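The values are calculated or read from the model by the stated rules, or taken from the named source; none is laboratory data. Quick caveat, the model's predicted, so the values are computed rather than measured. Cβ coordinates were reconstructed from backbone atoms using ideal geometry, including for glycine residues, and neighbour counts include every protein chain displayed.
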C-alpha cells in the first residue's frame, strides 16, 4: 500500500493577519492542524475551511485532493462568513506564500544534506520527512546531492519502499492486535461459562487495582504534533523520527499518560514500543556502518551499492 501524499497548504483566520503553512494528507488532518496552529479549540469552536480566493467551502475529501499545493484556506468560526475583504491583503498573502515556499525548500535541502553525509539516515527519518524527499523534483535533488537522475530515482524508490514497509508493518500489527483481542474475548466468555462464581472476585480485584491514579497535573515537553500522532495514529512509533522517539522515552510515564488521556499501563506500553522501534533502527544503522567499514575501507556508503529499488512480491 502506498503511503498518503502530503499536500502543503496555507491557513489563516478570517480577521487574523497571521497565516501558517501546514502539510496534510487529508481534509480531516488539515482541519486538525489548522485548529492547532491557529489556537482554536475545535470542540468548542468548530470551524469551516473555505478557499481564500472565492470562499468556496471545502468539505469534500475528493475535492480537497484535487487542489494544488500551497492552496490558501480561511478558517471560519460558527457565525463567520467569507468576505471579499479578505483578499484586500493580497500583497501580504503573496509575501507570506513565498516565505512558506522558501521554508519548504530549506527543509528538503536540510534533509538532503543528511543523506549526503550518511545514507543510513533514511532509517532514522520520520514518515513525513521521507515523503518530503520523495516529492522533491528529481532534477533538484540530483543537483543538491551531486548525483545522476538515475541514481536519484533509485534513491526515491528506496524512500518509498521504507514508507511502504512501515505501512505494511503497521497493518500487520493491527491484525495481530485484533487477533489477540478476539482471543481474550473468547477466553473471557469461556471463563464466565465455566466459573460464573468467579466474576465477583475478579470485579473486586479490578476495584482494588484501580485505586492508583496518575497525576492529572503532570505536564509533558512533547510538541502538540507528536502528541497528536501518538494519540491518533495506529503504531505511532513507526511514523516518528528517532529524535521524537527519544523524547517519548525520556518522558515520565505518568506525565505522558496524563497528556494523552490514557492510563499509565497503556502509556508504558507505548514507551516500550517506541524503545523497541528506536533500538531496531539503531541496530540497522550500526549494521550498515559495520558493513561499510569492512568494505574496502570506504568511509561513505557507495551510491551504487545501495539496495535495488526492485522488491520481490
Checklist entry - Hey, any hits in the range 53-63 for a residue that's assigned to a loop (DSSP other than H, G, I, E, B), in contact (Cβ under 8 Å) with a residue 12 or more places away in the chain and touching a helix residue (DSSP H, G or I) at 6+ places or on another chain (Cβ under 7 Å)? => result yes
Next on the checklist: Here is a check on your reading of the model: is residue 23 part of a loop (DSSP other than H, G, I, E, B) and at pLDDT below 85?
Outcome noted: no
Checklist entry - Tally time: how many residues in the range 223-274 are under 18 Å from the mean Cα position of the chain (by Cα) and more than 27 Å from residue 39 (Cβ to Cβ)? => result 11
Item to check | Any chance residue 44 is within 15 Å of the chain's Cα centre (by Cα) and exposed (fewer than 14 other Cβ atoms within 10 Å of the Cβ) | outcome: no
Item to check | Members of the range 47-65 that are within 23 Å of the chain's Cα centre (by Cα) and surrounded by fewer than 17 Cβ atoms within 10 Å (Cβ to Cβ) | outcome: 59, 60, 61, 62, 63, 65
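So that you can scan it fast, the table gives a plain yes or no per residue for (1) part of a helix (DSSP H, G or I); (2) surrounded by 13 or more Cβ atoms within 10 Å (Cβ to Cβ); (3) modelled with pLDDT of 90 or more; (4) in contact with a strand residue (DSSP E or B) (Cβ under 9 Å, 6 or more places away or on another chain):
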residue: 98; (1), (2), (3), (4): yes, no, no, no
residue: 102; (1), (2), (3), (4): yes, no, no, no
residue: 120; (1), (2), (3), (4): yes, yes, no, no
residue: 140; (1), (2), (3), (4): yes, yes, no, no
residue: 153; (1), (2), (3), (4): yes, yes, yes, no
residue: 163; (1), (2), (3), (4): yes, yes, no, no
Next on the checklist: Just to check your reading of the model, which residue among 155, 159, 163 is closer than 29 Å to residue 68 by Cβ and without any contact (Cβ under 8 Å) to a residue 40 or more places away in the chain?
Outcome noted: 159
Item to check | Residue among 229, 254 that is in contact (Cβ under 8 Å) with a residue 24 or more places away in the chain and part of a helix (DSSP H, G or I) | outcome: 254
Checklist outcome for this item: Residues in the range 256-288 that are over 18 Å from residue 120 (Cα atoms) and out of contact with any helix residue (DSSP H, G or I) (no Cβ under 9 Å at 6 or more places or on another chain) total 2
Checklist entry - Considering only residues of the range 64-82 that are in contact with a helix residue (DSSP H, G or I) (Cβ under 8 Å, 6 or more places away or on another chain) and touching a residue at least 60 places away in the same chain (Cβ under 8 Å), which is nearest to residue 224 (Cα to Cα)? => result 75
